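Here is the structure we will look at, set down as structure tokens.
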Amino acid sequence: MKDVHTNNAPQAIGPYTQAKIIGERVMTSGQIPIDPATGELVSGGIEEQTKRVCENLKAVLEAAGTSLEKVVKTNCYLKDIGDFAAFNAVYAEYFTGKPARSCVGGLQIPKGALVEVEVIAEL
């Protein structure tokens, strides 16, 4: 196992790493919409927050030596399932390979975020 770290994504806010490489796969921790430059939650609604989450995941995957195109599974968490359609519109721009996915809503997400996403990708 190998830890993955990049300054282009938010630093862990707890006792965990941004991602782990295990064999030929990388498993990310959940990313919330924190701007890595400021350490603050981005302003705006679900669209802006989903974009930031996807950019954070992209940075972590690139640091691991892979990309969004090689994602095979995502787990998505929404504060409000009513945001599902707007979330999907942004998500579809980033995950063009249509990985397997779970998506649940009605959750409390750290720092009051509207969305959190974690992925598993091939190297």
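What 222 nm value per residue comes from the helices of the chain, counting each DSSP H run with n ≥ 4 as -39,500 (n - 2.57) and dividing by all residues, nearest 500 deg cm²/dmol? Computed mean residue ellipticity for the chain: -8000 deg cm²/dmol. Taking the average, over residues, of other Cβ atoms within 10 Å as the packing measure, peptides 99-112, 80-93, 25-38 rank 25-38, 80-93, 99-112 from highest down.
Average projection, convex hull of the Cα set of region 55-108: 3.8 square nanometres. Length, then width, then depth: along the principal axes, the Cα atoms of region 2-122 run 37, 30, 20 Å. Taking a straight Cα-Cα cut-off under 14 Å and skipping sequence neighbours fewer than 8 places away in the same chain, the aspartates and glutamates within cross-link reach of K2 are E24. Here the relative contact order of the chain, from alpha carbon pairs under 8 Å that lie six or more residues apart, stands at 32 percent. Judged by a Cβ-Cβ distance under 4.7 Å, the unpaired cysteines of the chain are C54. With the simple spin-label model, which puts each label point 7 Å out from Cα in the Cβ direction, the K2 to E122 separation comes to 1.9 nm.
Where a number appears in this text, it was derived from the coordinates with a stated rule and is not lab data. Here the structure is a predicted model, which means the values were calculated and not measured. Quick reminder, even Gly has a Cβ in these numbers, built from the backbone with ideal geometry, and neighbours come from all protein chains shown.
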